[in-house]
Each structure stands twice: as C-alpha cells, then as structure tokens.
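Novice: The structure under discussion is supplied below as structure tokens; questions concerning it will follow.
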Amino acid sequence: MGALVAVVGLVVGLGGIVLLFNLRGMADKAADYRNATRAAIGAQKMQLELMEESRLGPWFFRLIGGVLAPGGLFFCLVGLIYA
C-alpha cells in the first residue's frame with residue numbers, strides 16, 4: 001500500500017511542479033482551455049455571463065500547482081517510509 005501512495009504522490013507532485021513553474025506553458029494552456037470551455041457552454045445555453053473570460057487566469061493554476069507540489073512530494077515521502 002505504501003508503494004501505491006508513493007507513486008500517486010510522485011505523480012501529483014510532478015504535476016504540481018509542472019503547473020507551478022509553468023513548464024511548457026501548462027498554466028496558460030489550462031487557463032485558455034477553461035475560457036474556451038466556458039465560451040462553448042455559454043453559447044450552448046445562451047448565457048452571456050458564461051461567455052466572458054474567467055477572472056481566474058494562469059496565476060490560479062500556478063497557485064494550485066504550488067499547493068499540489070509539496071503535498072504530493074510529502075505523500076511520496078510518506079509512501080516510501082511505509083513501503
């Protein structure tokens with residue numbers, strides 16, 4: 001069970017690092033994808049407020065990456081200790 005926690009923690013930690021440091025523009029792509037999805041749903045439901053860009057820009061996804069990275073690496077360490 002500890003090995004599974006370590007692997008999941010490593011994956012979450014690396015994903016958080018990718019978002020935190022905006023590697024390959026992932027935070028920008030996530031913000032663009034969110035805005036495109038909101039626009040498509042707004043067009044389908046005919047709601048103008050959904051068609052506006054979200055106030056949560058790339059900074060939000062970098063913030064989430066900053067929370068995920070240390071948390072995931074902590075779970076990786078805990079999984080390695082109890083493996």
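Novice: Output the number of the condition that L50 fails; it satisfies all remaining conditions of (1) in contact with a Lys or Arg (Cβ under 6 Å, 6 or more places away or on another chain); (2) of a type in the set (A, V, I, L, M, F, W, C); (3) modelled with pLDDT of 95 or more.
Specialist: Against the list (1) in contact with a Lys or Arg (Cβ under 6 Å, 6 or more places away or on another chain); (2) of a type in the set (A, V, I, L, M, F, W, C); (3) modelled with pLDDT of 95 or more, L50 comes up short only on (3).
Novice: While we're looking at this one, here's another question. Restricting the search to segment 45-80, which residues are part of a helix (DSSP H, G or I), in contact with a helix residue (DSSP H, G or I) (Cβ under 9 Å, 6 or more places away or on another chain) and over 30 Å from A6 (Cα atoms)? Break it down stepwise before answering.
Specialist: Within segment 45-80, the first condition is being part of a helix (DSSP H, G or I), and the residues that meet it are 45, 48-51, 58-80.
Filter again for in contact with a helix residue (DSSP H, G or I) (Cβ under 9 Å, 6 or more places away or on another chain), leaving 48-51, 58-80.
Listed by number, the residues that qualify are L48, E49, L50, M51.
Novice: Would you pick out the residues in segment 3-52 that are surrounded by 13 or more Cβ atoms within 10 Å (Cβ to Cβ), more than 30 Å from G79 (Cβ to Cβ) and of a type in the set (D, E, K, R)?
Specialist: Correct list: D28, D32, R34, R38.
Novice: So for segment 31-43 (the condition being in contact with a Pro (Cβ under 8 Å, 6 or more places away or on another chain) and either in a helix (DSSP H, G or I) or closer than 15 Å to G15 by Cα (or both)), does at least one residue qualify?
Specialist: First, the residues of segment 31-43 that are in contact with a Pro (Cβ under 8 Å, 6 or more places away or on another chain): 31.
Still in the running and either in a helix (DSSP H, G or I) or closer than 15 Å to G15 by Cα (or both): 31.
Yes, some residue in segment 31-43 is in contact with a Pro (Cβ under 8 Å, 6 or more places away or on another chain) and either in a helix (DSSP H, G or I) or closer than 15 Å to G15 by Cα (or both).
The values are calculated or read from the model by the stated rules, or taken from the named source; none is laboratory data. Predicted, not measured: the structure shown is a model, and the values here were computed from it. Cβ atoms come from the backbone with ideal geometry, glycine included; neighbour counts cover every protein chain shown.
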